[in-house]
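Scroll down for the structure; my scribbles are underneath it.
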């Protein structure tokens with residue numbers, strides 16, 4: 001008979017899985033406590049969180065979310081596992097994880113569920129190479145502004161050319177300068 005602490009933990013994990021846009025499972029073996037805390041803080045800045053989870057409890061939580069998920073990953077969810085829960089922005093926490101992995105060569109990605117699809121380590125790394133939401137918004141704003149700047153440049157071109165022509169005439173001595 002499961003104890004109330006584990007039942008509560010499974011309910012918490014189920015809620016986290018259901019409300020997250022993505023869940024990445026990591027093998028954190030070899031990380032020091034300090035490194036794990038640094039990773040937690042870096043990811044928390046972007047709306048994600050990392051928890052050390054028991055594999056059996058996570059399997060139960062996943063089975064409440066998607067029974068097929070447990071069948072597909074039953075053999076892969078072994079050993080020490082840290083779980084990265086991703087908030088609204090998918091790319092930025094994964095970018096932070098990838099940067100941390102480059103620097104420390106740990107943790108290792110086991111697999112992930114992102115927007116209810118199974119994703120392997122290579123696909124997670126590909127996601128980390130995508131531009132962040134802020135970068136995409138900045139690019140979009142630049143694309144929206146570009147025609148307006150072009151229009152403003154064209155509309156002021158005649159006035160600017162007139163000023164250049166009058167300035168050239170004045171330099172040649174064809175006109176009188178006031179002042």
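Quick note: the coordinates plus some simple rules give every number you see, no bench work behind them. In this text, all values refer to a predicted model and were calculated from it rather than measured experimentally. Here the Cβ is made from the backbone with ideal geometry for all residues, glycine too, and neighbour counts use every protein chain on show.
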Average Cα contact separation per residue, the range 77-144, under 8 Å, 6 or more apart, as relative contact order %: 34
Projected label distance in nm at residue 29 and residue 132, using a 7 Å step from Cα toward the beta-carbon: 3.3
Full-extension gain in nm, residue 125 to residue 153, via 0.36 nm per residue minus C-alpha separation: 5.8 nm
Amide N proximity, the range 1-31 versus residue 64 label position 7 Å along Cα-to-Cβ, cut-off under 11 Å: 6-18
Protection proxy ranking, peptides 40-53, 128-141, 89-102, average beta carbon neighbours within 10 Å, highest first: 89-102, 40-53, 128-141
Degrees separating the helix 133-172 axis from the principal Cα axis of the chain, which is the longest one: 10
Distance-filtered residues of the range 94-111 - backbone nitrogen under 20 Å, label point 7 angstrom along residue 139 Cα→Cβ: 94-99
Helix-only CD estimate at 222 nm, as mean residue ellipticity for the chain, using -39500 (n - 2.57) per DSSP H run (n ≥ 4): -20000 deg cm²/dmol
At R0 = 25 Å, FRET efficiency that the Cβ-Cβ distance of residue 117 and residue 88 yields, to 0.05: 0.90
C-alpha long axis of helix 91-104 to longest principal axis of the chain, angle in °: 70
Computed over the range 17-147: relative contact order in percent, which uses C-alpha pairs under 8 Å that are six or more apart: 37
Among (1) 1.14; (2) 1.76; (3) 1.04, the entry that matches Cα Rg over 2.2 N^0.38 Å as calculated here: (2)
Tilt relative to the chain, helix 4-19 - C-alpha long axis, 0 to 90 degrees, to 10: 30
